[in-house]
1. Can you list the trypsin sites (Lys or Arg not before Pro) in region 270-308 that are in a DSSP coil and have 15 or fewer other beta carbons within 10 angstrom?
2. In region 1-65, which trypsin sites (Lys or Arg not before Pro) are in a loop and have at most 12 other Cβ atoms within 10 Å, using DSSP for the loop call?
3. Taking R0 as 35 Å, what FRET efficiency do you get between LYS294 and LYS2 from their Cβ-Cβ distance, rounded to the nearest 0.05?
4. With the alpha-carbon atoms as the only input, what is the per residue convex hull volume for region 23-139 in Å³?
5. Go through region 29-36 residue by residue and turn each phi into a ³J(HN,Hα) via Karplus (6.51, -1.76, 1.60, θ = phi - 60°); whole Hz please, and just put x for glycine and proline.
6. For the chain, what relative contact order do you get, as a whole percent, if you take Cα pairs closer than 8 Å and at least 6 residues apart?
7. May I ask you to derive the FRET efficiency for ILE275 and ARG326 from their Cβ-Cβ distance with R0 = 45 Å, giving the value to the nearest 0.05?
8. Given the DSSP H assignment, sum -39500 (n - 2.57) over each helix run of at least 4 residues in the chain and divide by its residue total; what's the result at 222 nm in deg cm²/dmol, nearest 500?
Amino acid sequence: MKKILTGLQPTGTITLGNYIGAIKQMVKNQNEYDSYLFIADMHAITVKQDPIVLHENIKNLLAIYLACDIDPQKNTIFIQSENEYHTNISWMLECNTSYGELTRMTQFKDKSRKNEKFTAGLLTYPVLMAADILTYDVDYVPVGIDQKQHVELARDIAINFNKTYGNTFKIPEPLITETGTKIMDLINPTKKMSKSSENQNGVIRILDSEEEIRSKIMRATTDSDNQIKFDIENKPGISNLINIYSALAEISIKDTEQKFSNYSYAEFKKAVADIVVEKLMNIQEKYNKIINSKELDDILDNGIKVAKKEAKEKYELMKEKMGLGR
Ligand code: AMP
Ligand code: TRP
């Protein structure tokens, strides 16, 4: 059976972008693939975190996964920091990755530009991500387009390692949906919808109230020509709303355009708000039911057992190939 794996960082409540870009794809594929889904808390600490808040967010993210219909029977679900092989493997990969390659990563360039006291972890972040992926010999990695470059780096690292030490890793591929791969900020639709955005009005979070969702969508930036047409260049705001609708209704961009061709922007926004509210209220209902359940710990206990066993094997194989240990 082919394998898929992805992780999300427990840094604040996840957004509609995370849901569409990553989680929804895992849900869609969980019946056909051997699925691994983890909480990337080690990635979260590449930037400053409040330990109390981080701790809370880890548990909340697990409950969100389940509320979004991730089936614990079909997924190996675990917390990254509980599997210490990831960081060991990451170090071994770091020693096989060139510094120059890491400084060329777009996300690193962006984030290091914004904070002059950035950590060394921010630079090596994609190698830890490569370790997360390569440890399990996965076939596909469902991610939003912003993470594509990192998955490609993981491929390069694997190819290079295999060449140097002999066949050790499977070569993974990013899995990116046709629609909705990059959900944009509602206020500034040329920017990605991001958990860390300064203006919260541009960001829909999975646990936002109905009122917040409706108000944010109704106030979303659009243009003045009043045509529901997908054109990212010239109509980024409307295109983003089309993307959101099309992803949630699971119909194509073309069909979405057609369905709303006679609608005004206000009417279209209302339809988008309706479908987002419907999806998120459903998720929230499930979330509230499970957030305090003991089942959460059981799921993590089971997941980490499976993940660690596999990771240990890969770690031992790498040690042997690299001539480490006794
Ligand atoms: P992060 O919030 O960085 O932990 O992202 C977790 C996952 O969500 C990654 O696969 C990202 O590519 C994806 N993602 C984040 N923001 C968006 C967005 N605005 N649109 C689509 N996918 C996204
Ligand atoms: N870096 C990813 C993000 O911020 C999260 C992540 C960590 C990840 N390790 C991964 C995603 C491995 C896919 C596979 O979005």
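The values are calculated or read from the model by the stated rules, or taken from the named source; none is laboratory data. Everything numeric here is computed off the predicted structure, so don't read it as measured data. Glycine also receives a Cβ, built like all others from the backbone with ideal geometry; neighbour counts cover every protein chain displayed. These area figures cover heavy atoms from the full protein model, side chains too; ligands, DNA and RNA do not enter into them. Shrake-Rupley method; radii C 1.70, N 1.55, O 1.52, S 1.80 Å.
1. Working: sites: LYS270, LYS279, LYS286, LYS289, LYS294, LYS305, LYS308; in loops: LYS294.
Taking region 270-308 and a limit of 15 other Cβ atoms within 10 Å, the loop trypsin sites (Lys or Arg not before Pro) found are LYS294.
2. Loop-located and lightly packed - LYS2, LYS48.
3. Working: r = 33 Å, r/R0 = 0.93.
My answer for the efficiency is 0.60.
4. Details: hull volume 14.7 nm³, N = 117.
Value for region 23-139: 126 Å³ per residue.
5. 9, 5, 7, 9, 10, 6, 10, 10
6. Working: 496 pairs, mean separation 72.4, N = 326.
It comes to 22 percent, rounded to a whole number.
7. Values: r = 60 Å, r/R0 = 1.32.
So, using R0 = 45 Å, E works out to roughly 0.15.
8. Details: 13 runs with 168 residues, N = 326.
After summing the helix terms and dividing by residue count, I get -16500 deg cm²/dmol.
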